[in-house]
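The values are calculated or read from the model by the stated rules, or taken from the named source; none is laboratory data. None of these values were measured; they are calculated from a predicted model. Reconstructed Cβ throughout: ideal geometry from the backbone, glycine too, with neighbour counts over all protein chains shown.
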Amino acid sequence: MWATARAVLTFALAAVFLITSLLLGSFRTGAVVAFTVFLSLVSVLGSMGAWGVSLNPLSLVNLVIAVGISVEFCAHLARAFVGAGGGVARDRDERAVAALDDVGASVVSGIGATKLIGIAVLGLTKSALLRVSPSSLSLVAVIVVRRSHVFRARTSR
């Protein structure tokens, strides 16, 4: 199962890097987004180990969903950071602040409005198998917001 998981997640991270690099026009920004997504996956894998969740097909699906959630929020912040110059030469600190002012609140409210409420519905299921899913996906949403905001702010120094 680990070989399959490694292959699937490596392919997903490579796709994240290529697509964000092409759409944002910067390989450096694509690398930062892919690395941030990778850090989120490492955090989720560590949490899975702490909770005693084994790697199985359902948990692998959760990890792939984690990649999607991670890239969504990181890409929004990266796009705002890249476009924050507005044709005026601004340093990275100013662009980071402008990016967080521009999309930071939208990213956080997007998690509250769509991800956490949608995931909470899964918590009402009677299946023990699906009860792990909302917990891990809620954790993913929290980790991603923290990683995307903190990591983006640190790279702007």
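In summary, Ile119 fulfils each of the numbered conditions (1) modelled with pLDDT of 75 or more; (2) surrounded by 19 or more Cβ atoms within 10 Å (Cβ to Cβ); (3) aliphatic (A, V, I, L, M) with the single exception of condition (1).
For the criterion of being over 15 Å from Ala5 (Cα atoms) and among the small types (Gly, Ala, Ser), Ala34 passes. Scanning segment 82-104 for residues that are more than 16 Å from the chain's Cα centre (by Cα), at pLDDT 75 or above and of a type outside the set (D, E, K, R) yields Val82, Gly83, Ala84, Ala96, Val97, Ala98, Ala99.
All of (1) among the hydrophobic types (A, V, I, L, M, F, W, C); (2) in contact (Cβ under 8 Å) with a residue 40 or more places away in the chain; (3) surrounded by fewer than 18 Cβ atoms within 10 Å (Cβ to Cβ) hold for Ala15 with one exception: (2). Check segment 74-92 and report whether any residue there is surrounded by 18 or more Cβ atoms within 10 Å (Cβ to Cβ) and assigned to a loop (DSSP other than H, G, I, E, B). The answer is yes, given that some residue of segment 74-92 is surrounded by 18 or more Cβ atoms within 10 Å (Cβ to Cβ) and assigned to a loop (DSSP other than H, G, I, E, B).
Count of segment 39-53 residues, restricted to those that are assigned to a helix (DSSP H, G or I), β-branched (Val, Ile, Thr) and at pLDDT below 80, is 0. Screening Gly30 with (1) modelled with pLDDT of 85 or more; (2) farther than 18 Å from Val107 by Cβ; (3) surrounded by fewer than 16 Cβ atoms within 10 Å (Cβ to Cβ) gives one miss only, at (3).
Among the residues making up segment 54-73, a single one is among the hydroxyl-bearing types (Ser, Thr, Tyr), more than 15 Å from the chain's Cα centre (by Cα) and part of a helix (DSSP H, G or I): Ser59. Can you find a residue that is out of contact with any strand residue (DSSP E or B) (no Cβ under 8 Å at 6 or more places or on another chain), among the β-branched types (Val, Ile, Thr), closer than 22 Å to Leu9 by Cα and surrounded by fewer than 19 Cβ atoms within 10 Å (Cβ to Cβ) anywhere in segment 38-59? Scanning segment 38-59 turns up at least one residue that is out of contact with any strand residue (DSSP E or B) (no Cβ under 8 Å at 6 or more places or on another chain), among the β-branched types (Val, Ile, Thr), closer than 22 Å to Leu9 by Cα and surrounded by fewer than 19 Cβ atoms within 10 Å (Cβ to Cβ).
Quick one: is Ser43 among the hydroxyl-bearing types (Ser, Thr, Tyr), within 24 Å of Ala99 (Cβ to Cβ) and more than 12 Å from the chain's Cα centre (by Cα)? Taking the combined requirement at face value, the residue does not satisfy it.
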